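Peer 1: Right, I'll just put the structure down here and ask away after.
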Amino acid sequence: MHRPTALGGALAALATAAAGVLVAAAVSTTPAAAATGGTGTGYLHTSGNKIVDSTGATVRLTGINWFGMETDNKTFHGLWSSNPWRGQLDTMARLGYNTLRIPYSNDALKPGATATGINDFVNPDLVGLSPLQILDKVVDYAGSKGMRVILDRHRPTSAGQSPLWYTSTVSEATWIADWKTLAQRYANNPTVIGADLHNEPHAEGTNPAATGACWGCGDTARDWRLAAERAGNAILGVQPNWLIFVEGVSCPSGGLSNVWDNDPSNDEDCGWWGGNLSKAGQFPVRLNVANRLVYSPHEYATSVYHQAWFDDPTYPANMPAIWDKYWGYLYKQNIAPIMMGEFGTTLQDPKDKVWLQNLMAYTGTGVSGMSFTYWSWNPNSGDTGGIANDDWTTINQAKQDILQPYLIPPTGGGTTSPAPTTPVPTTPAPSGGCTATYKQVNAWQGGFQGELTVKNSGTAAVNPWSATWTWPSGVTLASGWNATVTQSGTTVTAAAPTWASSLAPGASVTIGFTANGTAAAPGAVKLNGTAC
């Protein structure tokens, strides 16, 4: 429905998974520790209209879409920019986006698939990696910041979206097989919380000769509700801990109204692609594992399409009733949680700002409000633009200001206050108990990338560990990984991540970073206050 502008060989934007055969073996990625704080602990499940964590605490997903893996590039857009991929995730987390929805196409999952549009000067660690290997790195780093990840089968192929979950070249069997392989790939990593089964099922053909996705019509070749059950249950058979995100259709009949046939019985009220869940109450998605279903409508502004309701003389007062009819009733009647998978706007039309303000108010404030993932981080979404500006570094403050009151930051990524420069350790390192080595990985005009390896050469574990160093004035941190890296003045602090808080005797940790300014080696390196 919405299209990115052509950059790095990209076609349209939005994606999903189902093509070719995925790598059969599960990949050994570093499982992110159970996320805490804004995104809860352990795997998530549902309770009435709430999403809750393994302890029963309510979790609100307040996320963002980062697309590209569904396009010809087969990986995230913006990797061609001067902002390293970790730096972009750092900004998302700092702004308060606790969840990442990642669109993909089945083309990106095929053996031999190649990722393109990557600035290897800025992202040397991605050189030669497959689309799935890049996805692994993004998942791991997002998890280190306390973020969650939802995988979105956006398109069968990179050529474009499809009204049905299968096409003449990508079968339903392939769609399901690829989902099962992804579920196995991330089976032990609670950063990845679920599957958005197929992006924006929608109508095709005119009634009564409909050929598109219907809801509750009973035709197994077109009934999206039945297909969602088949795929959802297949995934849960492999990974019973995942949430299953099910979008709506556009017209419940699966066909477009024929205004020329003079037969009103064939004309119906239709909504956005993927946004019409009006029949889900009558025909619910039935999963074999209880408390795993989340309905995920899409909602857009006039910048995408000028729907009739935008011209209602009572606008925007008419909108809550429209949202109630299409999907809000599921939440208000405590039937299931809502996770609005896409919504966005350029804000160029004054009506759009009013729409976004009212839509956010409709979702509710605080942790008990409806979950959402905004469309999109990418500035190159043709009909919405993004939170990131065209430099993929600075942000669109007008949009962010409207969303900000509803964002619940992830633990480890949302704080804007600097960490203390001299953290208080639980177990101090013995005197002389550490060594430090530095390697400059890359450099470019105005910045550089490095790795600082700190070894605990003492006789006791350091738990939690924290390394500090100094840089000359004018050198500033851009991004960091393998630790929570912050800067205050000329002092940089790398605090242990929650999943690897202890540094055993003889063990070492390598802290990676990119920085702005003239390349300089870290000075005065300390481990928990002890000089190395």
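The values are calculated or read from the model by the stated rules, or taken from the named source; none is laboratory data. Predicted model only: the values in this text are computed from it and were never measured. Here the Cβ positions follow ideal geometry from the backbone for every residue, glycine too, while neighbour counts run over all protein chains shown. Surface accessibility is based on the protein's heavy atoms, side chains included, excluding ligands, DNA and RNA. Shrake-Rupley method; radii C 1.70, N 1.55, O 1.52, S 1.80 Å.
Peer 1: Taking Rh as the Kirkwood radius computed over C-alpha pairs, what is the Stokes-Einstein D of region 306-366 at 10 °C in a medium of viscosity 1.306 mPa s, expressed in µm² per second?
Peer 2: On the way: Rh = 12.6 Å.
The calculation lands on 126 µm²/s.
Peer 1: Tally up the carbon and sulfur contribution to the accessible surface of region 54-114 as a whole percent, 1.4 Å probe, everything protein left in place.
Peer 2: Working: 570 of 1220 Å².
Carbon-and-sulfur percentage of accessible area, whole number: 46.
Peer 1: What's the longest piece of the chain with no exposed chymotrypsin sites (Phe, Trp or Tyr not before Pro), counting a site as exposed if DSSP puts it in a loop and it has at most 16 other beta carbons within 10 Å?
Peer 2: Between exposed loop sites, the widest span is 306-532.
Peer 1: Then there is this: When the dipole is taken about the Cα centre of the chain, and only Lys, Arg (+1) and Asp, Glu (-1) are charged at their Cβ, what size is it in debye, to the nearest 20?
Peer 2: Numbers: 29 positive and 36 negative charges, 367 e Å.
With only Lys, Arg, Asp and Glu charged at Cβ, the dipole is about 1760 debye.
Peer 1: Contour minus end-to-end for Tyr438 and Val367, with contour as 0.36 nm per residue of separation and end-to-end as the Cα-Cα distance? Can you show the working numbers first?
Peer 2: Working: separation 71, 0.36 × 71 = 25.56 nm, distance 4.25 nm.
Extra length from Tyr438 to Val367 when fully extended: 21.3 nm.
Peer 1: In degrees from 0 to 90, rounded to the nearest 10, what is the angle of the helix 224-238 Cα long axis to the longest principal axis of the chain?
Peer 2: That helix lies at roughly 30 degrees to the long axis.
Peer 1: Got a number for the accessible area of Ser501? Probe 1.4 Å, square angstrom, nearest 10.
Peer 2: The accessible area of Ser501 comes to roughly 40 Å².
Peer 1: Same structure again: From the residues Trp272, Pro409, Val304, which one has its Cα farthest along the dipole of the chain in the positive direction, the dipole being from +1 and -1 charges on Cβ of Lys/Arg and Asp/Glu about the Cα centre?
Peer 2: It is Pro409.
Peer 1: Another one. Once the Cα atoms of helix 131-144 and of the chain are each reduced to a long axis, what angle between those two axes, in degrees from 0 to 90 to the nearest 10, is obtained?
Peer 2: 70 degrees
Peer 1: Tell me, in nm to one decimal, what length is gained between Phe121 and Val238 on full extension, where the rule is 0.36 nm per residue of separation less the Cα-Cα distance?
Peer 2: Working: separation 117, 0.36 × 117 = 42.12 nm, distance 3.90 nm.
So the chain would gain 38.2 nm between Phe121 and Val238.
Peer 1: In nanometres, what is the gap between the two model label sites at Ala290 and His306, each 7 Å from Cα along Cα-to-Cβ?
Peer 2: Result: 5.1 nm between the two label points.
Peer 1: Could you work out the Rg to Rh ratio of region 194-250, with Rh taken as the Kirkwood radius (inverse of the mean 1/r over all Cα pairs)?
Peer 2: Working: Rg = 12.4 Å, Rh = 12.0 Å.
Dividing the radius of gyration by the Kirkwood radius yields 1.04.
Peer 1: Over the alpha-carbon set of the chain, work out the extent along each principal axis and list the three values in angstrom, largest first.
Peer 2: 87, 47, 43
Peer 1: Hey, rough spin-label estimate for Tyr329 and Asn358, points 7 angstrom out along Cα→Cβ, what's it come to in nanometres?
Peer 2: Output for this residue pair reads 2.0 nm.
Peer 1: A further question on this structure: What translational D, rounded to a whole number of µm²/s, comes out for region 296-335 from Stokes-Einstein when the hydrodynamic radius is the Kirkwood one over Cα pairs, at 4 °C and 1.567 mPa s? Don't jump to the answer; show the numbers that get you there.
Peer 2: Values: Rh = 11.2 Å.
So the translational diffusion coefficient is about 116 µm²/s.
Peer 1: Set the Förster distance to 22 Å, then compute FRET efficiency between Asn318 and Ile402 from the Cβ-Cβ distance, nearest 0.05. Write out the running numbers ahead of the final one.
Peer 2: Values: r = 20 Å, r/R0 = 0.90.
According to the calculation, E is roughly 0.65.
Peer 1: Still on this structure, please answer the following. Using only the Cα atoms, what convex hull volume per residue in Å³ does region 133-204 have? Numbers along the way, then the final one.
Peer 2: Values: hull volume 6.9 nm³, N = 72.
Spelled out: Cα convex hull of region 133-204, divided by residues, is 96 Å³.
Peer 1: While we're on this one: Which of the pairs Lys325/Lys399; Lys180/Lys455; Lys137/Lys455; Lys110/Lys351 have their Cα atoms more than 31 Å apart in this structure? Working shown, then result.
Peer 2: Working: Lys325/Lys399 26 Å; Lys180/Lys455 40 Å; Lys137/Lys455 24 Å; Lys110/Lys351 42 Å.
Over 31 Å Cα-Cα: Lys180/Lys455; Lys110/Lys351.
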